[in-house]
Structure formats: structure tokens, C-alpha cells
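Since the structure comes first, as C-alpha cells, the remarks are kept for the end.
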Amino acid sequence: MDRKGVLAAFDAEMRERPDLHGTDRTEEVAGVVRVVGDHSWIAYSRLDPSTAPGAIRDQTDYFRRLGKRVEWKVFGHDRPPNLGELLRTEGYVPDPPETLVVLDLAGSGLVGQEPQGVEVRQVRDLAGLSTAVAVSEQAFGPGEGWIPEDLTGRLSDPTFGLFLAYVDDKPVSAGRLEMPRGRAFASLWGGGTLPAYRGRGAYSALVRARAGVARTCRYRYLTVDARPTSRPILERAGFVPLTSMTGWVFDPSRVA
């Protein structure tokens, strides 16, 4: 895989033109691409050492005035190299680091055998959504699961998929698939498994099911913002690491 080429394509398609939902809007100001909505984030920036401090200050003041929490997504190849520390100076707090990994769906596909004893079903109704939300909250802990209102209107959205993995007819793992129109990249989100069922293939089965849907829908690449717990599983399945990623969060309600 041409990792530099894929990463450049990812920047151009997914960061400079971020996928939007609901009432979200994209704004580009002084080399910074931001998404403003219920969940706001800085998707991309083109900064140099001389402009970075002022640009960060301007963005922070903007979201402070709005009273909105914002996440600045910093990738390992972003510039300047000390972007994270500049954000810390302005009151941003880092989330745990992740790794952007990618699978070439036009290649040989996923490595390894299909997990046995796991059934994956796509969620089609509100009852399934309620189950998926409960599984996600149990997998990640209170306050870390999904917000039902964010997903209710998307169950019939062809660019979205919500999936549950079952072991012995018990829902034990949940994950989402995003397939933005007109892009080469689909992405996996939120894959979480109940603690008592980890190590039994539920997460891997969810990855395979969602990858199959993305390939059927003719996406070229599949990406994951992988946590340290999931990265080894994904790499064994054929995903390739592209760069590191850390979300830096500014919450005006928590800043004196």
C-alpha cells in the first residue's frame, strides 16, 4: 500500500470535506476547517509556526463565544509538530491517543478465519437501537456510550449501519459503519464488547460484517480510529497503520 498516497487522499476527502449530519455546517477560516453543530470539531488545519498560535486562539474564542465544546483532531503528520502543546496552552485537554488504520477493500481483504459461534445482525428498528445503546454503554462505561437521539433518524439512512453481535442469542457487542456519499473511504466506529465476552471473536465478527457491507457498496478503503485495545486485532486482520491521532478537547463550561 502507498501509505503516503492513501493518507493524502484521506486528508483531501475526509478532513478537508468532512461528512456532515443533521444541521452541521462546515466553515473554513484562515487555514482551519471546522464543523459547527451539536458535536463540533476541527477537522483539518494548514498552519505553520508563525500562524498557529493566533489561529488556535481565534478558534478557541469562537467556540467560547458559542458556548460549545469542540474537539481539535490532531494527526501525527499535522503541522506544526508542536500543535498539541499549543492547544494545551489554550486550555485543550487530550483524549487518549489512537491510531488511524486502513484496510484496502480492493485488495485481498481481511486476513484470518471467520469467528465461530458469533452471529452479526444489522439493527433496523428502535428496539434494536435501544439494545445497541445499552451494549455500548456497558462496554465502554457510563457516559461513554451512544446518544439514542443522535441515531434514531439514521436507521433508514443508506450511508449508515448499526450492528450487533450475538453469542448464544445474547447481544454482546455493537458497532457502527459510516459510508459517506461520493467518497472512497468508509469507516468503523464504536466497536465495543461486554467485558465477560471479550476474546471470543465478537469484535472481529463485527469488523468482518461491516467490511463486507462497505465492500458491497463499492468503497475502496475502510478506516478505524483504533484504540490500543483494538489496534492489534485490526492489524492481524489486515489493517495498516497510517498515522497517530489525538483528540484535543476544549470545553468552555469547564474552563475558568
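Quick rundown of the values:
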item	result
Where a label projected 7 Å from the Cα of residue 225 along Cα→Cβ would reach, residues of region 66-109 with amide N under 14 Å	70-76, 93-101
Prolate/oblate/rounded call for region 190-256, Cα gyration tensor, a/c under 1.5 rounded	prolate
Inter-probe distance in nm under a simple model that places probes 7 Å from Cα toward Cβ, at residue 131 and residue 38	2.4
Relative contact order (percent, whole number), region 107-219, Cα cutoff 8 Å, 6+ residue spacing	28
Lys/Arg +1, Asp/Glu -1 at C-beta; the chain dipole; positive extreme among 233, 41, 129	233
Peptide ranges 158-168, 42-52 listed from the most packed, as the mean C-beta count within 10 angstrom indicates	158-168, 42-52
Label point distance in nm, residue 50-residue 150, each placed 7 Å from Cα along Cα→Cβ	3.9
Kirkwood hydrodynamic radius of the chain, Cα pairs, Å	19.2
Estimated dipole of region 107-219 in Debye, rounded to 20 [Cβ of Lys and Arg +1, of Asp and Glu -1, Cα centre]	480
Gyration tensor verdict on region 1-148 (Cα atoms; rounded if a/c is under 1.5, prolate if a/b is larger than b/c, oblate otherwise)	oblate
Normalised contact order of the chain, rounded percent, pairs of Cα under 8 Å and 6 or more residues apart	26
Simple Cβ-charge dipole of the chain, Lys/Arg +1 and Asp/Glu -1, about Cα centre, in debye nearest 20	360
Chain lengthening between residue 169 and residue 24 when straightened (0.36 nm per residue, less Cα-Cα)	48.4 nm
Region 24-94-region 123-140 distance, computed between alpha-carbon centres (Å)	32
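Every read-out reported here was derived from the displayed coordinates using simple, explicitly stated rules and does not represent laboratory data. Predicted model only: the values in this text are computed from it and were never measured. Using ideal geometry, Cβ is built from the backbone for each residue, glycine included, and neighbour counts are taken over all protein chains shown.
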